[in-house]
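Just below is one structure, and these are the notes that go with it.
The values are calculated or read from the model by the stated rules, or taken from the named source; none is laboratory data. It should be emphasised that the depicted structure is a prediction, and the values quoted were computed from it without experimental measurement. Here the Cβ is made from the backbone with ideal geometry for all residues, glycine too, and neighbour counts use every protein chain on show.
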There are 2 protein chains.
Amino acid sequence: MSTAPGRLILVPNTLDFGIDGEQSPLDAVLPDAVLTQAARISHWAAENAKTTRAFLKRVNASHPLALPLQEQHIVELPRPPKGRPADGDDERAWMTLLQPALQGRDLGLISEAGMPAVADPGARLVAAAHAAGIPVLPLVGPSSLLMALAASGLNGQSFAFVGYLPVEAAARSSRLRELETRSAREQQTQLIIETPYRNASLMQALLSTLKPQTRLSISCGLSLPSGWTHTATVAQWNQRGRALPDKVPAVFALLA
Amino acid sequence: MSTAPGRLILVPNTLDFGIDGEQSPLDAVLPDAVLTQAARISHWAAENAKTTRAFLKRVNASHPLALPLQEQHIVELPRPPKGRPADGDDERAWMTLLQPALQGRDLGLISEAGMPAVADPGARLVAAAHAAGIPVLPLVGPSSLLMALAASGLNGQSFAFVGYLPVEAAARSSRLRELETRSAREQQTQLIIETPYRNASLMQALLSTLKPQTRLSISCGLSLPSGWTHTATVAQWNQRGRALPDKVPAVFALLA
């Protein structure tokens, strides 16, 4: 007897990953039915098992888990081997993760922060699910990229996210100029993220590389009670300045 | 005595705008604290007053409005005059909308569907708020673009949304080829939306214009109980086919 496959359910996480001392209330960032759904899932494919357990503990406080936390099945996504192209073993690792769904159980995919499969390694699992005929169900939750875009006041009818910038200073400046040129030519808002401890250094690079009239929006600590968004020209940012915390995630958006 | 300004609060709407006979349950698409916040607001800048009233009526059913529906202050965003560049009058119209916030009251910005100021005319009001020193607060809610991207399994580490395609067939094909070329060169997922009654015609254009190996993901009725996402190569779509409803919003994502 064949079993109908379970679903791959994309469960958004909060945006307060790695922040000490301040959290977003769960009921401000996840719909009630999403919390109920998350509490029912007992098999997970996770970017990070530890943060998934921390998430489930928070869910459990308002929406009791169907399976106790210590019995949850949490498997981490394979980490891409650096400098080695994907091979057959790799493919098998992704398919192994899908086993619970192939056996008829719903499988949750969860990231360290925000929407899974956006700006994280989860998209390959979603692709494998489609290839295997497993239905994919995205749930509603916070996306720092979209919230930053909406709050920026920059063009929301054409925008792009191109992943992390190069770390090396000259390569980073050159990439920023490229993005600024495209933004000017196409009136396309360019979204940029960085690991929080590099926020200040990215900020400095933006202010010294971009043209004075380019508009720069910074969103810091989105969804946190202390969160803020500020949009001004690069010239204005250079005049006023504004310190960026080094442990709070920020999203940068520019429109030239 | 000067008054501290109110905030411009970006209130996401549901994704079931214009769909007959099926709705997303409110508690599946909006966090409880967002519904509480929406129920407290009495001044709105809206893409459409009628759909805003319909939204508030739904909110009121679970989260009683602080001000009765018929007393809510709802002002529509100015419609951009076709073919005429923005002038001073225009600017004044946007500033007038911000009056409640300048007088110390929270002002809600709401779209017909999804996140305000993304793929809609609201960004200019957000920009005006920043210019006037009014704090901007984005709330969490559904974004069909982000949900479709996550559910596609296509590259979520580089993606772009470029607004509506040209309606005229030759111009549309030419634009699609341009997006496909960029997608191939940069491995950038391209997101496309269309008004629902043109879904079938866009689908036909995609299948006849794109290369057979380009991957195409279609998400239809996101957040609806009947919603689905399917990802396959253009060659596979051409073999299997799949009818698109003409009254349900769809998001198309391609990766060449």
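Given A:T181, A:T195, A:T209, which one is out of contact with any strand residue (DSSP E or B) (no Cβ under 8 Å at 6 or more places or on another chain) and in contact (Cβ under 8 Å) with a residue 60 or more places away in the chain? Going through A:T181, A:T195, A:T209 in turn, just one is out of contact with any strand residue (DSSP E or B) (no Cβ under 8 Å at 6 or more places or on another chain) and in contact (Cβ under 8 Å) with a residue 60 or more places away in the chain: A:T181. One residue stands out among those in region A:16-45 that are modelled with pLDDT under 95 and of a type outside the set (D, E): the one that is surrounded by the most Cβ atoms within 10 Å (Cβ to Cβ), which is A:S24. Being within 20 Å of B:V118 (Cα to Cα), touching a residue at least 40 places away in the same chain (Cβ under 8 Å) and under 16 Å from the mean Cα position of the chain (by Cα) is a property that B:A160 lacks. Within region A:141-158, does at least one residue satisfy the condition of being in contact with a Phe, Trp or Tyr (Cβ under 6 Å, 6 or more places away or on another chain), more than 16 Å from A:D16 (Cα to Cα) and of a type outside the set (S, T, Y)? There is at least one residue in region A:141-158 that is in contact with a Phe, Trp or Tyr (Cβ under 6 Å, 6 or more places away or on another chain), more than 16 Å from A:D16 (Cα to Cα) and of a type outside the set (S, T, Y). Of everything listed in (1) modelled with pLDDT of 95 or more; (2) loosely packed, with under 15 Cβ neighbours inside 10 Å; (3) not acidic (D, E), the single unmet condition for A:S219 is (2).
Identify all residues within region A:155-170 that are closer than 30 Å to B:V34 by Cβ, crowded, with 17+ Cβ neighbours inside 10 Å and either modelled with pLDDT under 95 or more than 7 Å from every other protein chain (Cβ to nearest Cβ) (or both); write none if there are none. Of everything in region A:155-170, just one residue is closer than 30 Å to B:V34 by Cβ, crowded, with 17+ Cβ neighbours inside 10 Å and either modelled with pLDDT under 95 or more than 7 Å from every other protein chain (Cβ to nearest Cβ) (or both), namely A:V162. In the set B:S152, B:S183, B:S173, only one residue is under 25 Å from A:P135 (Cα atoms) and either at the interface with chain A (Cβ under 10 Å from one of its Cβ atoms) or surrounded by 17 or more Cβ atoms within 10 Å (Cβ to Cβ) (or both); that residue is B:S152. Examine region B:80-99 for a residue that is more than 8 Å from every other protein chain (Cβ to nearest Cβ), outside any helix (DSSP H, G or I), in contact (Cβ under 8 Å) with a residue 40 or more places away in the chain and over 30 Å from A:R124 (Cα atoms), and state whether such a residue exists. Yes; the residues of region B:80-99 include at least one that is more than 8 Å from every other protein chain (Cβ to nearest Cβ), outside any helix (DSSP H, G or I), in contact (Cβ under 8 Å) with a residue 40 or more places away in the chain and over 30 Å from A:R124 (Cα atoms).
Scanning region A:174-202 for residues that are of a type in the set (S, T, N, Q) and not in a helix (DSSP H, G or I) yields A:Q187, A:Q188, A:T189, A:Q190, A:T195. Taken together, the residues in region A:1-15 that are within 14 Å of another protein chain (Cβ to nearest Cβ), surrounded by fewer than 22 Cβ atoms within 10 Å (Cβ to Cβ) and β-branched (V, I, T) amount to 0. Here A:A205 fits the description: aliphatic (A, V, I, L, M), touching a Lys or Arg at 6+ places or on another chain (Cβ under 8 Å) and assigned to a helix (DSSP H, G or I).
The condition of being facing chain A (nearest Cβ under 7 Å), of a type outside the set (S, T, N, Q), out of contact with any His (no Cβ under 8 Å at 6 or more places or on another chain) and crowded, with 18+ Cβ neighbours inside 10 Å does not hold for B:L191.
Among residues of region A:123-136 being crowded, with 24+ Cβ neighbours inside 10 Å and either modelled with pLDDT under 95 or among the β-branched types (V, I, T) (or both), the one that is nearest to the chain's Cα centre (by Cα) is A:V126. Would you be able to say whether some residue in region A:228-240 is part of a loop (DSSP other than H, G, I, E, B) and either closer than 30 Å to A:D27 by Cβ or modelled with pLDDT of 95 or more (or both)? No - not one qualifying residue is present in region A:228-240. Would you confirm, using the coordinates I've provided, whether A:A128 is part of a helix (DSSP H, G or I) and either more than 7 Å from every other protein chain (Cβ to nearest Cβ) or among the polar types (S, T, N, Q) (or both)? Yes.
Test A:R172 against the criterion of being under 19 Å from A:A119 (Cα atoms), basic (K, R) and in contact (Cβ under 8 Å) with a residue 24 or more places away in the chain, and give yes or no. Considered against the rule, which asks whether it is under 19 Å from A:A119 (Cα atoms), basic (K, R) and in contact (Cβ under 8 Å) with a residue 24 or more places away in the chain, A:R172 comes out as yes. Among the residues here, B:V140 qualifies as facing chain A (nearest Cβ under 7 Å), at negative phi, buried (at least 24 other Cβ atoms within 10 Å of the Cβ) and not in a helix (DSSP H, G or I).
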